[in-house]
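See structure below.
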Amino acid sequence: MPEWSIPNQEVDWSSVSHAYGPATEIPSLLRSVRSGSQQVRQRAYQELAGLVVDQGSRFEASAAVAPYLIQLVADPGAPDRFAACQVLAAIAVGDDSSWLSDPVHPAHLRSEANRRALMSRDELEEEHRAWIAAAPNEEERSARARRAEWGDVEADRDEERWTIQAYDAVRAGVPVYVAALAAPEAAVRLYAAYLLAWFPEDGETIIPAMTRLIREERDPIVVSTACVAAGLVGAPGDEALIEALSARRGSPNRGESWSAVLGLSRVITRPDRSLVRDLYSCLLEATGPVPHWPFLDGDMSAMAAFSIRDLGPELARDRVEVLVERVVNASESTDVFLLLTAMLDAAFPAGPVPDGAGFDELAAEQQMALLALLESNLLQAGPMVPMLLGRYNLPQTEPKLQAWCGR
């Protein structure tokens, strides 16, 4: 294998920083990921990832590294291209759980980084004080003020800039990752699909190839990854994608079927009752991490929770009725706390019942949820149940709840 060299004139690595200081060791690591030794390559990728992404944060060096890794993914003869995709995904989004729990809009990040780049320190501090004062309540205001004590407005601005620069540097390789969906190695196809999940602005480029992969792929983990990725970048109402996902929904492999459901929930304009039911099956029954499924470290249940959160308010009644069915038919193996949390979250999306409110003032689906709870035996399922009821400002014992509900 010919030696791969880093052109030193392209990046002055001593002038850019990673998590621990000047990035002078980066060229050596980039050479090592082309080593003939798998052990050397693996160690180099681990060290490289730890330097350019630390607890989700990106740095100056993060964007600078991306073109070299894109070049590696583009080379069919390069070893461990899947590992390059893994590191590129980390550079792009940091921690996927943070990206999914607080949905990111890259165009907004770009606009804000450009706007704040022109601001002086005094202007940044004035804006930060206004942000603290605009908190919706005193508790949040105090929390923002405490965070401000440990932060620095200019350092925060730098991190915001590095974050979007890193994202855009990885995004530049989208055509390369699309081509990698046809790679002969399943691991490359898998992590190329995962990497493409984070670039919705390029959906028109990504989705035709992703749809083809969903139709033709034989490896269930690759298919499962592609189904979820397509849901994250696909446009609602895409008939070809919906058809491909629907075909995979019927798979006897539960992980593959649930992944298709996760994808469909985001691209079907109005999911029907059966799709809502399948989403909750994934939430409540995908009890352990799925090996090699890259989203959220294999936690398919958590991915279902994010998908359910993003359903429209018009599905509130469907959600509650599906969960009422489960509450009424709960078995000894049911995770009671998870099930009741899901049902009460669906029934009370605005949070706790106001002080002094009566049962008759509740919406029909809220009444339905509480009556189903009373008809079940789940109120006796342990000390976590009263705590959960208290979270919604509901009576915490069965006699009090019965009286409040007029039973």
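The values are calculated or read from the model by the stated rules, or taken from the named source; none is laboratory data. Predicted model, so just to flag it, every value in this text is computed and none were measured. Positions of Cβ are backbone-derived with ideal geometry, glycine not excepted, and every protein chain shown enters the neighbour counts.
Annotations for the structure displayed:
- Residue selected from region 43-71 under the condition among the hydroxyl-bearing types (Ser, Thr, Tyr) and surrounded by fewer than 24 Cβ atoms within 10 Å (Cβ to Cβ), by the criterion farthest from Gly94 (Cα to Cα): Tyr68
- Residue list for region 11-42, filter: farther than 24 Å from Ser57 by Cβ and either buried (at least 18 other Cβ atoms within 10 Å of the Cβ) or not β-branched (Val, Ile, Thr) (or both): Arg31, Arg34, Ser35, Gly36, Ser37, Gln38, Gln39, Arg41
- When Arg81, Arg43, Arg34 are checked against the criterion of being of a type in the set (D, E, K, R), more than 22 Å from Ala229 (Cα to Cα) and at pLDDT 95 or above, a single residue qualifies: Arg43.
- Within region 316-325, the residues that satisfy the criterion of being crowded, with 20+ Cβ neighbours inside 10 Å and either of a type in the set (Val, Ile, Thr) or over 10 Å from Ala347 (Cβ atoms) (or both) are Asp318, Val320, Val322, Val324.
- Considered as a group, the residues in region 342-366 that are of a type outside the set (Gly, Ala, Ser) and surrounded by fewer than 16 Cβ atoms within 10 Å (Cβ to Cβ) include one that is farthest from Leu315 (Cα to Cα), and that residue is Asp355.
- Residues in region 73-96 that are under 21 Å from Asp168 (Cβ atoms) and assigned to a loop (DSSP other than H, G, I, E, B): Gly94, Asp95.
- Flag for Leu283 being modelled with pLDDT of 95 or more and not β-branched (Val, Ile, Thr): no
- Members of region 72-107 found to be among the acidic types (Asp, Glu) and crowded, with 17+ Cβ neighbours inside 10 Å, listed by number: Asp80, Asp96
- Residue within region 59-76 that is under 27 Å from Phe306 (Cα atoms) and in the same structural domain as Val11 (by TED's automatic domain parsing) present: no
- Some residue of region 277-289 being at positive phi and not assigned by TED's automatic domain parsing to the domain that holds Asp335: no
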